[in-house]
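Take a look at the structure below.
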(Lines give C-alpha, C1' and ligand atoms only; values in the text may rest on other atoms or scores of the structure.)
Protein backbone atom coordinates (compact mmCIF):
# COMPACT_ATOMS: atom_id res chain seq x y z
CA UNK A 1 0.00 0.00 0.00
CA UNK A 2 1.75 3.20 -1.16
CA UNK A 3 1.95 6.00 1.38
CA UNK A 4 2.09 9.58 0.13
CA UNK A 5 2.19 12.50 2.59
CA UNK A 6 1.13 10.21 5.43
CA UNK A 7 -1.97 8.97 3.59
CA UNK A 8 -2.36 5.30 2.68
CA UNK A 9 -3.62 5.12 -0.88
CA UNK A 10 -5.85 2.18 -1.90
CA UNK A 11 -3.52 -0.28 -3.62
CA UNK A 12 -5.99 -1.79 -6.11
CA UNK A 13 -7.10 1.54 -7.63
CA UNK A 14 -5.45 3.30 -10.54
CA UNK A 15 -3.07 5.97 -9.25
CA UNK A 16 -5.14 8.63 -11.02
CA UNK A 17 -8.16 7.62 -8.89
CA UNK A 18 -6.12 7.00 -5.72
CA UNK A 19 -4.44 10.43 -5.47
CA UNK A 20 -7.73 12.26 -4.72
CA UNK A 21 -7.77 10.41 -1.37
CA UNK A 22 -5.34 13.14 -0.32
CA UNK A 23 -7.24 16.22 0.96
CA UNK A 24 -6.69 19.07 -1.50
CA UNK A 25 -6.16 16.92 -4.59
CA UNK A 26 -9.06 16.29 -6.94
CA UNK A 27 -9.31 14.39 -10.21
CA UNK A 28 -8.01 17.24 -12.39
CA UNK A 29 -5.09 18.04 -10.11
CA UNK A 30 -4.31 14.31 -9.89
CA UNK A 31 -3.94 14.10 -13.69
CA UNK A 32 -1.82 17.26 -13.66
CA UNK A 33 0.54 15.86 -10.99
CA UNK A 34 0.94 12.53 -12.81
CA UNK A 35 1.66 14.34 -16.08
CA UNK A 36 4.37 16.45 -14.41
CA UNK A 37 5.86 13.38 -12.70
CA UNK A 38 5.70 11.45 -15.99
CA UNK A 39 3.81 8.55 -14.43
CA UNK A 40 1.01 6.72 -16.24
CA UNK A 41 -2.41 7.33 -14.68
CA UNK A 42 -3.46 3.78 -15.63
CA UNK A 43 -0.87 2.21 -13.35
CA UNK A 44 -2.22 0.60 -10.17
CA UNK A 45 -1.07 2.17 -6.92
CA UNK A 46 0.53 -1.08 -5.77
CA UNK A 47 2.66 -1.22 -8.96
CA UNK A 48 4.37 2.14 -8.39
CA UNK A 49 8.11 2.04 -7.84
CA UNK A 50 9.75 3.85 -4.91
CA UNK A 51 11.22 6.33 -7.39
CA UNK A 52 7.76 7.20 -8.81
CA UNK A 53 6.27 7.58 -5.33
CA UNK A 54 9.14 9.89 -4.39
CA UNK A 55 8.62 11.97 -7.57
CA UNK A 56 4.90 12.36 -6.87
CA UNK A 57 5.48 13.20 -3.19
CA UNK A 58 8.10 15.84 -3.99
CA UNK A 59 5.88 17.43 -6.65
CA UNK A 60 2.93 17.67 -4.26
CA UNK A 61 5.02 19.08 -1.41
CA UNK A 62 6.66 21.74 -3.61
CA UNK A 63 3.65 22.95 -5.58
CA UNK A 64 0.46 22.33 -3.59
CA UNK A 65 -1.00 22.95 -0.14
CA UNK A 66 -2.64 19.74 1.09
CA UNK A 67 -3.97 17.95 4.17
CA UNK A 68 -3.45 19.70 7.54
CA UNK A 69 -1.99 22.92 6.13
CA UNK A 70 -4.94 23.33 3.76
CA UNK A 71 -7.50 22.60 6.50
CA UNK A 72 -5.77 25.14 8.78
CA UNK A 73 -5.71 27.76 6.00
CA UNK A 74 -9.43 27.30 5.29
CA UNK A 75 -10.31 27.54 8.99
CA UNK A 76 -8.23 30.72 9.33
CA UNK A 77 -10.04 32.27 6.35
CA UNK A 78 -13.46 31.44 7.82
CA UNK A 79 -12.40 32.79 11.25
CA UNK A 80 -11.09 36.00 9.61
CA UNK A 81 -14.41 36.56 7.81
CA UNK A 82 -16.28 36.07 11.07
CA UNK A 83 -14.03 38.51 12.96
CA UNK A 84 -14.26 41.34 10.43
CA UNK A 85 -18.02 40.87 10.15
CA UNK A 86 -18.41 40.28 6.42
CA UNK A 87 -21.67 38.90 5.09
CA UNK A 88 -20.00 35.51 4.61
CA UNK A 89 -18.69 35.64 8.16
CA UNK A 90 -22.15 36.36 9.56
CA UNK A 91 -23.59 33.43 7.58
CA UNK A 92 -20.86 31.15 8.97
CA UNK A 93 -21.58 32.38 12.50
CA UNK A 94 -25.33 31.69 12.11
CA UNK A 95 -24.72 28.30 10.48
CA UNK A 96 -26.44 29.24 7.23
CA UNK A 97 -25.27 28.73 3.61
CA UNK A 98 -22.67 31.32 2.52
CA UNK A 99 -22.81 31.01 -1.24
CA UNK A 100 -26.23 32.35 -2.17
CA UNK A 101 -28.34 29.21 -1.91
CA UNK A 102 -32.02 29.52 -1.05
CA UNK A 103 -32.92 28.87 2.58
CA UNK A 104 -36.71 28.98 2.55
CA UNK A 105 -37.06 25.31 1.68
CA UNK A 106 -33.66 23.66 1.38
CA UNK A 107 -30.34 24.13 3.26
CA UNK A 108 -31.09 21.37 5.79
CA UNK A 109 -27.44 20.31 5.86
CA UNK A 110 -26.35 23.72 7.18
CA UNK A 111 -29.46 24.57 9.23
CA UNK A 112 -29.86 21.19 10.91
CA UNK A 113 -33.03 19.34 11.74
CA UNK A 114 -36.25 21.32 11.28
CA UNK A 115 -37.63 22.63 14.61
CA UNK A 116 -41.02 21.28 15.60
CA UNK A 117 -43.58 24.08 15.98
CA UNK A 118 -46.96 23.75 17.72
CA UNK A 119 -46.53 20.16 18.80
CA UNK A 120 -49.02 19.28 21.56
CA UNK A 121 -48.36 16.24 23.70
CA UNK A 122 -51.61 14.46 24.59
CA UNK A 123 -52.05 13.74 28.27
CA UNK A 124 -53.48 10.43 29.48
CA UNK A 125 -57.24 10.44 29.44
CA UNK A 126 -58.56 11.14 32.95
CA UNK A 127 -61.64 9.19 34.06
CA UNK A 128 -64.82 11.11 33.27
CA UNK A 129 -66.42 12.84 36.27
CA UNK A 130 -69.94 11.64 37.15
CA UNK A 131 -72.73 14.14 37.02
CA UNK A 132 -75.09 14.03 39.94
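The values are calculated or read from the model by the stated rules, or taken from the named source; none is laboratory data. Treat the numbers as computed from the prediction; the structure is a model and nothing was measured. Virtual Cβ from ideal backbone geometry, glycine too; neighbours counted across all protein chains shown.
Residue 41 fulfils the conditions (1) within 21 Å of the chain's Cα centre (by Cα); (2) in contact (Cβ under 8 Å) with a residue 24 or more places away in the chain; (3) part of a loop (DSSP other than H, G, I, E, B) except for a single criterion, (1). Just one of the numbered conditions (1) closer than 21 Å to residue 70 by Cα; (2) buried (at least 17 other Cβ atoms within 10 Å of the Cβ); (3) free of Cβ contacts under 8 Å to residues at least 40 places away in the same chain is not true of residue 22: (3). Looking at 67, 50, 124, 73, which one is modelled with pLDDT under 95 and surrounded by 10 or more Cβ atoms within 10 Å (Cβ to Cβ)? The conditions single out 67.
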